[in-house]
Amino acid sequence: MSDGWGAPDTTAAAPERAAAPPMSEADRQAALDKWGTRTANVYSETEAQLADRKWGGNAAVYEWDGDEGDIGPENPELEVMLFGPPEERHGTAGLDISKIEEIRVYQEGDVRIEPIFKFQDAGLHPAMLKNVLMSGYVTPTPIQKYCIPAIKMGHDLIAIAQTGSGKTAAYLIPILNHLMGKAKKLAAPRPSPREFMAGTAPLQRAEPLVLVICPTRELAIQIFDQARKFCYRTMLRPCVVYGGGPIREQMIQVGRGCDILIGTPGRLVDVMQRTHAMSFRRLKYLVIDEADEMLDDGWQEEIEKLMSGGEQDDGNVKYMLFSATFPGALRRLAKNHLAEDHLRVRVGRIGSTHANIKQDVIYVRPELKREALSDLIFSTNPGRTLVFVNSKRTADEIDDYLFNKGLPSTSMHSDRIQSEREDAMQAFRSGKTPIMVATGLSARGIDVKNVLHVINYDLPSTDHGGIQEYIHRIGRTGRIGHTGTATSFYTERDESIAQDLTMLLMETQQEVPDFLQQYIPEGADPKTFKIEDDKSDDEALGGGDGWGTGGDAGDGAWGAGGGDDSAGAGWGSESKDAAGGENDWGSGGNAAGGDQGWGSGGNAGGVAGADAGGDAWNGDAW
């Protein structure tokens with residue numbers, strides 16, 4: 001039976017697929033009216049426009065002026081900028097906790113971590129607890145339940161969790177909470193905001209207490225946005241540096257005082273080597289976020305420089321690795337730099353996704369993919385939609401195709417300049433342009449509320465990251481307990497990913513389409529199938545780098561079974577967008593103030609080269 005887009009006939013009757021047959025022009029126009037007005041991309045700016053541009057790293061942050069005690073006074077105006085109006089602050093977690101209760105949490109180390117089930121029981125400073133609640137966090141996610149107390153205990157940490165599980169808050173909250181009230185004692189001197197605005201204070205050498213390394217520009221800005229919220233009233237000043245943005249602007253921000261430094265590896269190395277402007281001698285915490293992505297992409301040299309090439313005293317630095325997978329390169333990094341008594345926390349199977357995402361795989365002949373894409377979009381309700389492709393050229397072509405169909409689309413990839421990437425991302429966040437076409441490498445950086453649909457126009461081949469890339473792409477929807485849909489176009493060229501894709505569909509209790517049935521392992525029961533973690537890297541490293549023996553909670557490793565994440569400890573929170581309601585385009589979307597961060601777009605491809613100091617200053621004091 002055919003699914004309407006070229007699937008071969010089979011003896012078994014296939015169920016209805018997600019892609020509808022070609023639509024009539026009347027139906028297409030009716031569907032188009034629901035998507036709203038398209039806006040043409042503008043890929044040029046005058047000098048005056050560039051001078052007035054608000055870069056992602058220049059967003060407003062809380063700055064203490066020295067008039068109060070250990071924490072700064074409230075600033076109602078900035079509070080609204082960071083968190084949104086009080087009446088619009090909603091929980092970040094979705095309402096579907098049925099699958100979350102099934103998640104197992106494993107821990108390994110000499111000390112057992114006692115999880116927290118409410119932020120109110122986490123021992124947070126009252127001002128930090130208020131920041132957490134104003135940010136929309138209601139109940140800790142599984143990774144937050146364990147990482148917050150683990151970091152508070154003062155251990156080095158490895159945390160492995162599915163994409164969209166709340167890892168950023170899992171390290172920012174406890175780290176900043178530990179530094180809360182200690183800025184006078186620990187932070188480097190810096191000019192007061194009044195002195196700087198008056199032009200009477202020179203830039204100071206920055207000496208951050210916390211360094212966060214991440215693979216993409218957009219992810220760096222997103223972490224910076226989170227840090228801006230959690231740093232409110234702490235007297236700690238966050239900064240972000242990334243390739244593509246003007247280094248002069250970034251160094252000015254750093255020179256005004258920098259306690260929390262977030263950035264991409266190449267730009268961080270560039271800044272670190274300007275020893276008159278930056279020193280790591282006060283460093284207390286070093287975090288690598290999405291660590292597997294950077295190590296797989298050949299940034300080991302930059303990572304090694306950042307972890308050991310500065311002035312930091314390794315004995316006083318806590319190292320933390322956060323990732324969705326745990327490949328051999330990451331294990332070697334942990335073995336070389338983390339303390340022997342480090343703790344490990346793993347939520348779910350390493351490299352897995354969760355069942356809150358409905359996955360549809362549709363057979364489509366290559367020459368019919370464009371028409372299948374437009375009909376799929378027209379046949380679904382309007383909602384933020386990410387379309388992933390495997391090349392920059394295809395991203396431009398599909399963006400043009402959808403735009404010419406009358407749909408409000410945009411695209412981002414590494415050939416776009418930074419201002420274009422930030423504009424595209426901001427339009428997508430706000431809902432002004434609800435359809436984003438992106439190369440797959442962008443999957444690591446996009447964290448936008450209420451992405452309802454991810455479409456793999458191209459499935460990632462083994463050369464484009466294979467099944468792990470697929471997991472990261474579809475993880476852009478269904479984040480933190482929300483539900484979402486992922487639709488993938490399968491062609492004969494995608495045979496390399498077919499077996500892994502089939503097993504992942506089985507593990508997450510998704511329907512395996514008829515054309516993938518041949519890849520079901522012999523004797524496997526789709527209803528109970530589980531993928532075993534790959535232990536080959538553990539053996540290559542001589543053992544001792546695994547997650548215990550036996551797999552289940554308590555077998556050779558500290559384990560927390562499903563009971564630790566059962567009723568009363570789920571993701572539950574109220575959110576008007578959780579079920580897709582009130583999500584029409586043009587509404588602005590992110591009520592909790594997330595749109596204030598000037599988030600950037602673009603993919604990770606070429607970031608290492610762009611960050612590597614190509615726009616460094618020459619002949620300038622900074």
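The values are calculated or read from the model by the stated rules, or taken from the named source; none is laboratory data. All of these numbers come straight from a predicted model, not from anything done at the bench. Note: ideal-geometry Cβ built from the backbone for every residue, glycine included; neighbour counts use all protein chains shown.
Odds and ends about this structure:
- The criterion of at least 2 residues that are touching a strand residue (DSSP E or B) at 6+ places or on another chain (Cβ under 6 Å) and within 19 Å of G484 (Cβ to Cβ) is met by the following strands (runs of 3 or more DSSP E) wholly inside the range 377-458: 384-389, 435-439, 451-456.
- Test: residue in the range 371-380 that is crowded, with 22+ Cβ neighbours inside 10 Å, within 24 Å of Q222 (Cβ to Cβ), assigned by TED's automatic domain parsing to the domain that holds S496 and out of contact with any Pro (no Cβ under 6 Å at 6 or more places or on another chain): no
- Residue check: T275 meets all listed conditions (1) touching a residue at least 60 places away in the same chain (Cβ under 8 Å); (2) over 22 Å from I158 (Cα atoms); (3) not hydrophobic (A, V, I, L, M, F, W, C) but one, namely (1).
- Qualifying positions in the range 235-263 - of a type in the set (D, E) and buried (at least 24 other Cβ atoms within 10 Å of the Cβ): D259
- In the range 225-234, residue surrounded by the fewest Cβ atoms within 10 Å (Cβ to Cβ) [restricted to those that are part of a helix (DSSP H, G or I) and of a type outside the set (G, A, S)]: Q226
- Looking only at residues of the range 352-376 that are β-branched (V, I, T) and modelled with pLDDT of 95 or more, we find that the one that is nearest to T483 (Cα to Cα) is V361.
- Filtered by the rule that a residue be surrounded by fewer than 24 Cβ atoms within 10 Å (Cβ to Cβ) and modelled with pLDDT of 90 or more, the range 138-154 gives P149, K152, M153, G154.
- Within the range 403-436, the set of residues being among the charged types (D, E, K, R), in contact with a Ser or Thr (Cβ under 7 Å, 6 or more places away or on another chain) and more than 17 Å from V387 (Cα to Cα) comprises E422 only.
Rundown of residues vs (1) modelled with pLDDT of 85 or more; (2) charged (D, E, K, R); (3) out of contact with any strand residue (DSSP E or B) (no Cβ under 8 Å at 6 or more places or on another chain), yes/no style:
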site	(1), (2), (3)
E68	no, yes, yes
N75	yes, no, yes
M81	yes, no, yes
T92	no, no, yes
D96	no, yes, yes
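- Helices (runs of 4 or more DSSP H) enclosed by the range 139-224 - at least 1 residues per element that are more than 22 Å from A59 (Cβ to Cβ), touching a Cys at 6+ places or on another chain (Cβ under 9 Å) and in the same structural domain as G328 (by TED's automatic domain parsing): 167-179
- Just one of the listed residues (E218, E195, E207) is over 26 Å from the mean Cα position of the chain (by Cα) and within 26 Å of Q300 (Cα to Cα), namely E207.
- Test: residue in the range 206-222 that is surrounded by fewer than 22 Cβ atoms within 10 Å (Cβ to Cβ) and at pLDDT 90 or above: yes
- Hits in the range 371-394 - residues which are out of contact with any Phe, Trp or Tyr (no Cβ under 9 Å at 6 or more places or on another chain) and farther than 18 Å from E25 by Cα: T385, S391, K392, R393
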